[in-house]
Amino acid sequence: MEVIEIRPPRKKPEGKSRAFLLFSGGLDSALAGLVLIDAGVDVLPLTFKSPFFGYETALKMAERLDWPLIVVDITNEQLRIVEKPKYGYGKNLNPCIDCHAQMIKIACQLKDDYQVDFVATGEVLNERPKSQTRKALEIVAKESGCEEYLVRPLSAKLFPATKAEEKGLVDREKLLDISGRSRKRQIELAKKYGLTDFPSPAGGCLLTDPVFSARLRKLIKWRGHLFDKDIELVKYGRNFFESDYWIVVSRNEYETRMLEKIILDTDVRITTYEAPGPLTIVRFKESIDSEKMEKAVDIASLLTIRYSKLREKETASVSIKQASSEKLKTFSKDDWLPYLNESYMPQF
């Protein structure tokens, strides 16, 4: 876990309570912060980053509202949760209940470092069918270990008062009772506060994306667990998984540029030699022997040719690099013809 003060917090005002606001930059979390400010609370937005989501939306909204912003990198914590969530996944590979509980727990752990009195979120009762039901929100509060000092400003009046409210850290009468999937009341509040052009409620977590989730499931099965560097690779290209190796072939110039940034010294890098083509990366399991490695590189080379204009020629050469070594290898059309059939190797 790494804490980064993107927009450093101001000095805590005397006589005011301070709240960490779990802040995505979306409408609900922005409104939760504005409601707290109206209630006389000093708000300190806290957002998170991992291989599955960034903090760009939160930063844009923080700049717009002139709020500070603290970012916490929770990559390692996220990987462990995604591998085995206690409360399961949503529609795809999103462990939202475990994830929300983890974020609140981390916020609670950082409270003393920033003179924070309680933690607030933008959660709305029954807005989401799995992660924001009453039962789910109660589980999140309990699992976070921060139950007594957790406030949900938009739906607070629909729950029993927490210790934070009972101690007068926030005036409960100024909190709200929003419930359900309709965003009518949020839109009205947005108009009141002059908020326009806010992000859609879909969010930006890759774990909610069905295509990425399918790739990630395959990656977990292939590797047995998750590495952050593997996740960066699985985001791009055509992915081919075999028992001992994994091949990724870029689909366009953008993916080629992105893959160039994440190649490891242990990876093999393959490009076409005579004409422009895709960038291919081969990543191996540690247990693979040299004979299987050579076969994997040949297959990756043929896939590289298959997805280039060189497939129309009678022969084609590729450049094969690993660490400081490089060699050229030439293949004939008969070698890559079988790979012209998309079903020859399943891709993700």
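Mind checking which residues of the range 295-313 are loosely packed, with under 13 Cβ neighbours inside 10 Å and modelled with pLDDT of 95 or more? If the condition is that a residue be loosely packed, with under 13 Cβ neighbours inside 10 Å and modelled with pLDDT of 95 or more, then no residue fits.
Among residues that are more than 30 Å from TYR254 (Cα to Cα) and surrounded by 14 or more Cβ atoms within 10 Å (Cβ to Cβ), LYS235 is not included.
Take PRO199 and tell me if it is more than 26 Å from ILE81 (Cα to Cα), in contact with a helix residue (DSSP H, G or I) (Cβ under 7 Å, 6 or more places away or on another chain) and outside the structural domain of ILE305 (by TED's automatic domain parsing). Break it down into steps so the answer makes sense when it comes.
Numbers: more than 26 Å from ILE81 (Cα to Cα): yes; in contact with a helix residue (DSSP H, G or I) (Cβ under 7 Å, 6 or more places away or on another chain): yes; outside the structural domain of ILE305 (by TED's automatic domain parsing): yes.
So PRO199 fits the description; yes.
Of all residues in the range 88-120, those that are assigned to a loop (DSSP other than H, G, I, E, B), in contact with a Pro (Cβ under 7 Å, 6 or more places away or on another chain) and closer than 21 Å to GLU148 by Cβ total 0.
From the list ILE288, ILE299, ILE281, pick out the single residue that is at negative phi, in a loop (DSSP other than H, G, I, E, B) and touching a Phe, Trp or Tyr at 6+ places or on another chain (Cβ under 9 Å). Explain how you work it out, then say what you get.
Details: ILE299 fails: in a loop (DSSP other than H, G, I, E, B); ILE281 fails: in a loop (DSSP other than H, G, I, E, B).
Every option except ILE288 fails the conditions.
Scanning the range 170-189 for residues that are touching a helix residue (DSSP H, G or I) at 6+ places or on another chain (Cβ under 8 Å) and either closer than 17 Å to ALA141 by Cβ or loosely packed, with under 12 Cβ neighbours inside 10 Å (or both) yields VAL170, ARG172, LEU175, SER179. Taking first residues from the range 119-143 that are in the same structural domain as LEU22 (by TED's automatic domain parsing) and partners that are of a type in the set (Asp, Glu), the Cβ contacts under 7 Å between residues at least 6 apart in sequence or on separate chains come to GLY122/ASP28; VAL124/ASP28; GLN132/GLU123; LEU137/GLU123; ALA141/GLU147. Looking across the range 145-168, just one residue is assigned to a loop (DSSP other than H, G, I, E, B), more than 24 Å from MET61 (Cβ to Cβ) and aliphatic (A, V, I, L, M), and that is ALA161. Tell me yes or no: at least one residue of the range 270-277 is modelled with pLDDT of 95 or more, surrounded by 16 or more Cβ atoms within 10 Å (Cβ to Cβ), farther than 20 Å from ASP335 by Cα and among the hydrophobic types (A, V, I, L, M, F, W, C). No: the range 270-277 contains no residue that is modelled with pLDDT of 95 or more, surrounded by 16 or more Cβ atoms within 10 Å (Cβ to Cβ), farther than 20 Å from ASP335 by Cα and among the hydrophobic types (A, V, I, L, M, F, W, C).
The values are calculated or read from the model by the stated rules, or taken from the named source; none is laboratory data. Keep in mind it's a predicted model, so treat the numbers as computed, not measured. Quick reminder, even Gly has a Cβ in these numbers, built from the backbone with ideal geometry, and neighbours come from all protein chains shown.
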